[in-house]
Amino acid sequence: MAKRSLGRLLLLVALGAVACLVEMDSAYAQVVGGSITGVVEDPTGAVVVAAKVTATDQSTNATQETKTDERGVFAFTNLRFGRYQVTAELSGFRRLVLSNVVVEVGQVARLTMRLELGDISQQVVVAETIQTLVNTETAELKTTVDRRQILDLPLPTRNPIDLARLMPGVTTPAESSTSFVHGLRGNATNILQDGINVADNFVKTSAFFAISAPTVENTGEFTVSVGTLGSDSGFGAAQVSIVTPRGQNAFHGSTFWFHRNDILNANDFFANLRGDPK
């Protein structure tokens, strides 16, 4: 009986550990977007309470609404990356519209919205919103590579994660495809795609090898965190968060021709030194 009770106890402990891991993985999987937060003020700089704030996705016209709290603060969390229009309104003030607010995966867009006195039927429109380049929300060291950079920067491998090797703190030894973050081993970096762990957790030589094989076509943007990670990040001393391209209100597609053979290759230095033909 004692052995049977001990076996049941061990089974319960194992099931509890698995449940905790699943819960932790689910929590990490929810961090696949960015956030918009800010404060609404009146012309004197005093906070405005109970102002209606609306965030509209400029690609899909999907909207979210909230109200400022007693500190005049509002927040929209877990937004898909892209550009948003943020509107603040309250009776006795002109409606304020901020367009092209950029939301990046794993980043927080901070806004200060100052309302002008007037009728609510009038509105003040800001076509291009100036956002803070320095992250003042967290102590994390993050860099985001957006869709335009993925499409415009040269990528012979067509693997956007290769651009992570250009980030501060990342080193790649000469004549090697293995990279390290702050000199740490490859298994110190965690890689997520749409919140799912896609790192090779068995044979992990390079910090940026993903078993999902990211390409230009299936990568919307990604963020690399190399220091002071927050509690919403997965395990590891560094973090790569990849998201797939998002939908829009228009049909679109792409095509490419990937040409590669030895006809265009040059002879290497040592072959030229020996006088060998290509």
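For a quick check of understanding: with a 1.4 angstrom probe and all protein chains in place, what accessible area in square angstrom does residue 252 have, to the nearest ten? Surface open to solvent at residue 252 totals about 130 Å². For the peptides 98-106, 83-91, the ranking by mean Cβ contacts within 10 Å, running from highest to lowest, is 98-106, 83-91. Counting only aspartates and glutamates at least 8 places from residue 278 when in the same chain, those with an alpha carbon closer than 15 Å to its own are 262, 268. Ligands, DNA and RNA excluded, the heavy atoms of residue 211 present near 100 Å² of accessible surface to a 1.4 Å solvent probe.
Taking only protein heavy atoms and a 1.4 Å probe, the accessible area of the range 67-222 is 55% carbon and sulfur.
Accessible area per residue (1.4 Å probe, heavy atoms of protein chains only) ranks 95, 80, 148, 71 as 148, 71, 80, 95, with the largest value leading.
The values are calculated or read from the model by the stated rules, or taken from the named source; none is laboratory data. On a predicted model such as this, the values are computed, not experimentally measured, just so you know. When we count neighbours, we look across all protein chains shown, and the Cβ atoms used for this are built from the backbone with ideal geometry, even at glycine. With ligands, DNA and RNA removed, areas are computed over all heavy atoms of the protein, side chains included. Shrake-Rupley method; radii C 1.70, N 1.55, O 1.52, S 1.80 Å.
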